[in-house]
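**Q** Dropping the structure in here first, questions after.
Computed from the coordinates by the stated procedures, all read-outs in this text should not be read as laboratory data. Every value quoted in this text rests on a predicted model; they were computed, and no experiment measured them. In this analysis, Cβ positions are derived from the backbone assuming ideal geometry, glycine residues included, and neighbour counts consider all displayed protein chains.
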């Protein structure tokens with residue numbers, strides 16, 4: 001996938017961190033068979049405690065596998081989701097699961113009755 005340079009936030013030999021048009025920051029791993037250079041090994045020789053001192057927030061938290069994505073708190077789709085959840089007139093397929101299960105059971109019972117009827121006719 002080709003990316004605009006301003007969508008790539010950070011990149012290492014193991015992972016690329018991206019920002020999408022909404023401001024969501026996420027990452028994806030590089031291919032597993034990718035052969036890394038020796039830079040990481042050299043860096044750990046020069047700075048032996050760098051992993052202990054590594055930042056644990058922001059982009060660094062993605063690079064250190066502490067989180068996979070950073071999602072802005074004022075993300076528009078999250079506001080819409082919250083609005084739908086608090087709106088008493090809003091309904092989704094989740095609200096209709098009980099009715100779906102009831103209809104599936106009714107259909108199943110109908111099929112059982114048809115099978116029982118056909119078995120009796122064959123006898």
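**Q** Sort 19, 97 so the one with the fewest other Cβ atoms within 10 Å of its own Cβ comes first.
**A** Going from sparsest to densest Cβ surroundings: 97, 19.
**Q** Something else: Across the Cα atoms of region 5-72, what radius of gyration and what greatest pairwise Cα-Cα distance (Dmax) are found, in Å?
**A** 13.1, 39
**Q** Here is a follow-up. Name the most mobile residue of 56, 14, 104, meaning the one with the largest mean-square fluctuation, in a Gaussian network model of the chain with Cα contacts below 10 Å.
**A** Its mean-square fluctuation being the largest, the pick is 104.
**Q** Still on this structure: Output the 0 to 90 degree angle, nearest 10, between the alpha-carbon long axis of helix 76-86 and the longest principal axis computed from the alpha carbons of the chain.
**A** 40 degrees
**Q** Give me the base-10 log of I(q)/I(0) for the chain at each q in 0.13, 0.15, 0.16 Å⁻¹, Debye formula, one uniform scatterer per Cα, rounded to two decimals.
**A** -0.77, -0.88, -0.95
**Q** OK, next. Helix-derived [θ] at 222 nm for the chain: sum -39500 (n - 2.57) over DSSP H runs of at least 4, divide by residue count, nearest 500?
**A** Estimated from H runs of four or more residues: -13000 deg cm²/dmol.
**Q** Could you state the angle between the C-alpha long axis of helix 97-122 and the longest principal axis of the C-alpha atoms of the chain, as a value from 0 to 90 degrees rounded to the nearest 10?
**A** Helix 97-122 and the main axis of the chain meet at about 50 degrees.
**Q** If I build a Gaussian network model for the chain, linking alpha-carbon pairs within less than 10 angstrom, which residue out of 110, 44, 69 has the largest mean-square fluctuation?
**A** For the chain, modelled as a Gaussian network with Cα springs under 10 Å, the answer is 110.
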